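J.: Provided herewith is a single structure, encoded as structure tokens, for subsequent inquiry.
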Protein chains: 2
Amino acid sequence: MKLISVKELLETQPTSQEVEINGWVKTFRSNRFIALNDGSTINNIQCVIDFENFDEELIKGISTGAAIRVKGALVESQGKGQNLEIQVSSLFIHGKADADSYPIQPKKHSLEFLREKAHLRVRTNTFSAVMRVRSALSYAVHTYFQQNGFYYFHAPIVTGSDAEGAGEMFRVTTLDAKNPPLNDDGAVNYKEDFFGKETNLTVSGQLEAEAYAMGLGKVYTFGPTFRAENSNTSRHLAEFWMIEPEMAFYDLDMNMDLAEDFIKWVINYVLENCQDDLQFLEKRLLDEEKSKPQAERSEMPLIEKLRFVVDNNFKRVSYTEAIEILRNSKPNKKKKFDYIINQWGADLQSEHERFLVEKHFKCPVILFDYPAKIKAFYMRLNEDEKTVRAMDVLFPGIGEIVGGSQREERLEVLQQKMADLGIEEEELWWYLDLRKFGTAEHSGFGLGFERLVQFSTGMGNIRDVIPFPRTPQNASF
Amino acid sequence: MKLISVKELLETQPTSQEVEINGWVKTFRSNRFIALNDGSTINNIQCVIDFENFDEELIKGISTGAAIRVKGALVESQGKGQNLEIQVSSLFIHGKADADSYPIQPKKHSLEFLREKAHLRVRTNTFSAVMRVRSALSYAVHTYFQQNGFYYFHAPIVTGSDAEGAGEMFRVTTLDAKNPPLNDDGAVNYKEDFFGKETNLTVSGQLEAEAYAMGLGKVYTFGPTFRAENSNTSRHLAEFWMIEPEMAFYDLDMNMDLAEDFIKWVINYVLENCQDDLQFLEKRLLDEEKSKPQAERSEMPLIEKLRFVVDNNFKRVSYTEAIEILRNSKPNKKKKFDYIINQWGADLQSEHERFLVEKHFKCPVILFDYPAKIKAFYMRLNEDEKTVRAMDVLFPGIGEIVGGSQREERLEVLQQKMADLGIEEEELWWYLDLRKFGTAEHSGFGLGFERLVQFSTGMGNIRDVIPFPRTPQNASF
């Protein structure tokens, strides 16, 4: 017999035919009304039992969190709040949930409390909604790229090279932790390590994706990346998922077009496919914000905010223009910024990005043509020899959601840049090969997937949009 | 201007209108015919140049591997072997590829040679075809599950617990490699490590997926997993991608139904969407096998083999039946097996699995109800108390492609099993919680993605179906 989910059941018409359904008890009222949910949807199916016809011991086992199977007629609901209900004729308890010890009771739990119960928190409305949206967003990412001629590319996770010099890395090893083998000079002998060299967890699949773009044309990665940074913030994880498209024959303008089109498409996908969950999350956010001062509340409800992103052009602004705007801004003149913008070349802080997006333009912003000095070595140098063809997409409430660039395809220019920065050519011999053999202009970007989930669900802390967050001092479960 | 890919161009009608296309030169014949490819398809577009109208220096730059842009009229081809061609009016060289140093010349390269050039091998027909099929298979996996009510679940990569006790693990650390901090007793002080404890790369996301199945109903993982095993074989990688669906309220029969339906669906997806690549790979395989003795050749050409899997039922056989078949088999009686099957309880080796699949049943086989002693602690004990509700799907040429089970949902039985095996309850407190609160029967399986790619492409070595393979002593690129 094929299992029917609550979601499927709620989409059918009441026929008074007998149905069978499994799920977990969300609530049990008046010894009569069971709200049953199996995780397939935010909505419950109401199961009505006539307690006089059931064994008392059985009834006692029906409590929040218990797994049950019910059979009964699917009928139009007598009560308010739902269209359908099951008139239960038989009930089986798969597993009870003792009310005194089961932590997920039908009351408000803090997100902090639930983080400690990450193995159970997906049984709450909030987390099940977030995780369903996360799943839909993932599929939207794949669907967008596959429909647009991209090939999915699995970048290696264990790597012998530091892609960007971008972040602190985790070492991957099988050497004895206490007494590693040593060379004559006293250094650790990584030749005896599993891979015969020192290896780390990847911080980005970009360089390898470039190699694949130069063969398959358009590729994208979607995989885990890692930063061993001691950042205990609501925006950082040590392990997070990143999406990195890379396209041969794309310049920066085409790259920006793609980033904007991509983000709009995946958010629209969620709007079209996750209405119930988004409505729940929107209400949750409105409730949560009631206790906040007006100034800290969102300007738009969640769904309106998502719709706004889909419907409006992102504002494209050069770094140079942005510096002028910031220099002349009120918070800069009144010294309200922690970092005052005095001159061209300054690295933008989160406060500046938020000012541009939330106060000045009031829409997503793409900044481009950054100073070469504050960007990575592989970005293409402009004719001015001061700026590079970099671009960041900035989102309200989130800050940088995308960072990308046109890549430096000219061998000599790349070699010079690496020499200036002290990057050994032997380290990246294969990356240089891409410029020696059939080089061409190409571009790409990286999008931190959890930030996209945060934006789409309205969740304030990045630890609440990934099943089992990894952060400093925390790798539980 | 929107870029047009070679794939898109080949699907259009010749209109004599001017088109512009970018790609890499595959071959250049008679100073006249360029076979151009951009990785979007196995097929090239022929570009015809009238060399008298082009600069001699430019012509010299057109060699295998060079990246070029051509403009010209798209017309019906005069020659054989293609329908369309471009009569080139202008040509631009993005980047040359010096014939003396570019390794990917238009001749047969050994797979071993190309493994050393993993950053360039995707520019060959074989690897571009394999990687496009890999991408299509990935998308098929997501599409199958999403269309069937599953939610994609990202299992953690860095983990503090050893899921199965199944394999050797890689340690993830930021401690000083040479002089790690020590406790008073001389042991390494992992409290000072990044996560405040000893952490490893995951060998399986199953246990965490179980937690999510008990909230969302049906989930699947698709992510990298790791084994620090010193296996230098054509079937093993240290880093590989695994797919692990996990379903609440599923018993073993439903689990087997799902595995079979899933595999057939994704292979059929490739049959429907990758015809050109499969035809190329089939031909490649036939060529390769010409040099082999008859007995080592495939019984069916690639596409016929895939079609056979899609069209035929997998044979379901209990372990006990399989042992009887093996015990009475010719190779067992004649002692041709390396491991002779004498009695019930023996662990099956690859040679036995291949005999069952390739010689005896001549179709994919699902073995189920294995002896408890040779299977993992979390598998559900049968009433006989000797066997567990495990199942393996065995494929011709590949061996085990899927391993799964119904999980032990009974708290006391699971605790007893863990005690017998010396697994500390504190290690898996959260996993036991799933049995304390709303437990229910549930099942799942794991499928090694690279083995599926091997089967679908006919590639003999697993290192040739992942972009940058990680194996003992090798983490290049």
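The values are calculated or read from the model by the stated rules, or taken from the named source; none is laboratory data. As the structure is a prediction and not an experimental result, all values here were calculated from the model. All Cβ positions, glycine included, derive from the backbone under ideal geometry; neighbour counts span all protein chains shown.
J.: If you scan segment B:224-254, which residues turn out to be acidic (Asp, Glu) and in contact with an Asp or Glu (Cβ under 8 Å, 6 or more places away or on another chain)? Before you say what the answer is, go through the steps one by one.
T.: Initially, segment B:224-254 is screened for residues acidic (Asp, Glu), giving B:229, B:239, B:244, B:246, B:251, B:253.
Across segment B:224-254, the qualifying residues are B:Glu229, B:Glu246, B:Asp251.
J.: Of A:Ser90, A:Ser110, which residue is without any contact (Cβ under 8 Å) to a residue 40 or more places away in the chain, surrounded by fewer than 19 Cβ atoms within 10 Å (Cβ to Cβ) and more than 20 Å from A:Ser5 (Cα to Cα)?
T.: Every option except A:Ser110 fails the conditions.
J.: Being over 25 Å from the mean Cα position of the chain (by Cα) and of a type in the set (Asp, Glu) is the filter here, so list the residues in segment A:414-473 that pass it.
T.: Answer for segment A:414-473, where residues must be over 25 Å from the mean Cα position of the chain (by Cα) and of a type in the set (Asp, Glu): A:Asp420, A:Glu424, A:Glu425, A:Glu426, A:Glu427, A:Asp433, A:Glu441.
Yes or no, residue by residue, for (1) out of contact with any Pro (no Cβ under 9 Å at 6 or more places or on another chain); (2) of a type in the set (D, E, K, R); (3) not in a helix (DSSP H, G or I):
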{"position": "B:Arg316", "(1), (2), (3)": "yes, yes, yes"}
{"position": "B:Ala322", "(1), (2), (3)": "yes, no, no"}
{"position": "B:Ile341", "(1), (2), (3)": "yes, no, yes"}
{"position": "B:Phe355", "(1), (2), (3)": "no, no, no"}
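J.: Just one of (1) surrounded by fewer than 22 Cβ atoms within 10 Å (Cβ to Cβ); (2) free of Cβ contacts under 8 Å to residues at least 40 places away in the same chain; (3) within 8 Å of another protein chain (Cβ to nearest Cβ) trips up A:Gly95, so point out which.
T.: Result: A:Gly95 passes all but (1).
J.: Would it be correct to say that A:Ile59 is in contact with a helix residue (DSSP H, G or I) (Cβ under 6 Å, 6 or more places away or on another chain), touching a residue at least 12 places away in the same chain (Cβ under 8 Å) and within 14 Å of chain B (Cβ to nearest Cβ)? Give the derivation first.
T.: Working: in contact with a helix residue (DSSP H, G or I) (Cβ under 6 Å, 6 or more places away or on another chain): yes; touching a residue at least 12 places away in the same chain (Cβ under 8 Å): yes; within 14 Å of chain B (Cβ to nearest Cβ): no.
Spelling it out, it is not the case that A:Ile59 is in contact with a helix residue (DSSP H, G or I) (Cβ under 6 Å, 6 or more places away or on another chain), touching a residue at least 12 places away in the same chain (Cβ under 8 Å) and within 14 Å of chain B (Cβ to nearest Cβ).
J.: Of all the residues that make up segment A:323-364, how many are in contact (Cβ under 8 Å) with a residue 24 or more places away in the chain and β-branched (Val, Ile, Thr)?
T.: 2
J.: Kindly establish whether B:Gly196 is within 8 Å of chain A (Cβ to nearest Cβ), more than 22 Å from B:Leu394 (Cα to Cα), touching an Asp or Glu at 6+ places or on another chain (Cβ under 6 Å) and at pLDDT 95 or above.
T.: On the way: within 8 Å of chain A (Cβ to nearest Cβ): yes; more than 22 Å from B:Leu394 (Cα to Cα): yes; touching an Asp or Glu at 6+ places or on another chain (Cβ under 6 Å): no; at pLDDT 95 or above: yes.
So B:Gly196 fails the test.
J.: Just checking, which of B:Asn22, B:Asn37, B:Asn53, B:Asn44 is buried (at least 20 other Cβ atoms within 10 Å of the Cβ) and out of contact with any helix residue (DSSP H, G or I) (no Cβ under 8 Å at 6 or more places or on another chain)?
T.: B:Asn22
J.: Right, another one. Somewhere in segment B:258-269, is a residue in the same structural domain as B:Pro396 (by TED's automatic domain parsing), within 16 Å of B:Val141 (Cα to Cα), under 22 Å from the mean Cα position of the chain (by Cα) and assigned to a loop (DSSP other than H, G, I, E, B)?
T.: Looking through segment B:258-269, none of the residues is in the same structural domain as B:Pro396 (by TED's automatic domain parsing), within 16 Å of B:Val141 (Cα to Cα), under 22 Å from the mean Cα position of the chain (by Cα) and assigned to a loop (DSSP other than H, G, I, E, B).
J.: Restricting attention to segment B:145-161, which residues are at the interface with chain A (Cβ under 7 Å from one of its Cβ atoms) and within 18 Å of A:Ala140 (Cβ to Cβ)?
T.: B:Gln146, B:Gly149, B:Tyr151, B:Tyr152, B:Phe153, B:His154, listed by residue number.
J.: Could you check segment A:377-400 and list, in sequence order, the residues that are of a type outside the set (Phe, Trp, Tyr) and at pLDDT below 95?
T.: A:Pro396, A:Gly397, A:Ile398, A:Gly399, A:Glu400
J.: Here's another thing I want to ask about it. Residues being under 19 Å from A:Glu192 (Cα atoms) and more than 9 Å from every other protein chain (Cβ to nearest Cβ): count how many of those fall in segment B:162-193. Can you show your working first?
T.: Step one: list which residues in segment B:162-193 are under 19 Å from A:Glu192 (Cα atoms), which gives B:168-180.
Next, from what is left, pick out any that are more than 9 Å from every other protein chain (Cβ to nearest Cβ): B:176, B:179.
Total meeting the criteria: 2.
J.: Does B:Ala136 meet the test of being of a type in the set (Gly, Ala, Ser) and either free of Cβ contacts under 8 Å to residues at least 40 places away in the same chain or in a helix (DSSP H, G or I) (or both)?
T.: yes
J.: I've got another one for you. If B:His142 satisfies every condition in (1) facing chain A (nearest Cβ under 7 Å); (2) more than 15 Å from the chain's Cα centre (by Cα) but one, which is the exception?
T.: The failed condition is (2).
J.: Residue check: is B:Phe127 more than 7 Å from chain A (Cβ to nearest Cβ) and closer than 30 Å to A:Val6 by Cβ?
T.: Here the answer is no, as B:Phe127 does not meet what is asked.
Conditions (1) over 28 Å from B:Phe153 (Cβ atoms); (2) buried (at least 18 other Cβ atoms within 10 Å of the Cβ), marked per residue:
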site	(1), (2)
A:Ser135	no, yes
A:Ala140	no, yes
A:Asn148	no, no
A:Asp176	yes, no
A:Val188	yes, yes
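J.: Test A:Ala97 against the criterion of being of a type in the set (Gly, Ala, Ser) and closer than 27 Å to B:Tyr212 by Cα, and give yes or no.
T.: yes
J.: Here is a check on your reading of the model: is B:Leu306 surrounded by 15 or more Cβ atoms within 10 Å (Cβ to Cβ) and out of contact with any Cys (no Cβ under 6 Å at 6 or more places or on another chain)?
T.: Yes: the conditions hold for B:Leu306.
J.: Which one of A:Arg316, A:Arg327, A:Arg354 is touching a Phe, Trp or Tyr at 6+ places or on another chain (Cβ under 7 Å) and of a type in the set (Lys, Arg)?
T.: A:Arg316
J.: Return only the number of the condition from (1) assigned to a loop (DSSP other than H, G, I, E, B); (2) among the hydrophobic types (A, V, I, L, M, F, W, C); (3) within 9 Å of chain A (Cβ to nearest Cβ) that B:Leu237 does not satisfy.
T.: So the condition that B:Leu237 fails would be (3).
J.: Turning to a different aspect of this structure: Is it the case that segment A:69-81 has a residue that's within 14 Å of another protein chain (Cβ to nearest Cβ) and either in contact with a helix residue (DSSP H, G or I) (Cβ under 8 Å, 6 or more places away or on another chain) or within 27 Å of B:Trp429 (Cα to Cα) (or both)?
T.: yes
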